[in-house]
Amino acid sequence: MKRSRTKSVLLLLVVFALVQVACALSFSSSGTSSSSEHRSRSDFTDETEARIATLDVRPAMTSINLRMQVNLESGTLTRTLTDPNGDVRWEEEVVAPARRDESREFEPIVGEWTLKMSLEGATGGYDVHWQASG
């Protein structure tokens, strides 16, 4: 009887340990499937500078969406999106006068993505919403 009770306790401990491991794995995978986003809005007058925004893409993420609205009254605005490998995934120069309202989708690569907004004698504004999700 003592031997049977020891086996039962051992079996109960093994089952408990497996449940704990399963819960930990479930929690960690749901945590990585969340989203990462960047939002920025800016108005500028006769500015020449580069502005950098980054977005962290994690393994469980399946899409990257970039929405940009630009109203450029004078000058130029060059937008460059670079993936974690350093490859330029998209680049566009906007020359004033111009209005743009664009949405783009990219295949995700895990790591830090960079969006560079280069202003040259620029007057106007932009609104950026950038999101990675899974």
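Taken together, the values in this text are just the output of simple stated rules run on the coordinates, not laboratory data. Just so it is clear, the model here is predicted, and its values are computed rather than measured. Cβ placement follows ideal geometry from the backbone for every residue including glycine, while neighbour counts extend to all protein chains displayed.
Is the shape of the range 67-134 rounded, prolate or oblate, going by the alpha carbon gyration tensor and its root eigenvalues a ≥ b ≥ c, with a/c under 1.5 for rounded and a/b larger than b/c for prolate? Prolate. Length gained on full extension, ASP43 to THR114: 23.5 nm, using 0.36 nm per residue less the C-alpha separation. Using 0.36 nm per residue and subtracting the Cα-Cα separation, the extra length available between ARG58 and PHE106 on full extension is 15.9 nm. Given a Förster distance of 22 Å, report the FRET efficiency between GLU73 and ALA50 from their Cβ-Cβ distance, rounded to the nearest 0.05. That pair, GLU73 with ALA50, gives E of 0.65. Extension gain, GLU93-SER35: 0.36 nm per intervening residue step, less the Cα-Cα distance, totals 18.0 nm.
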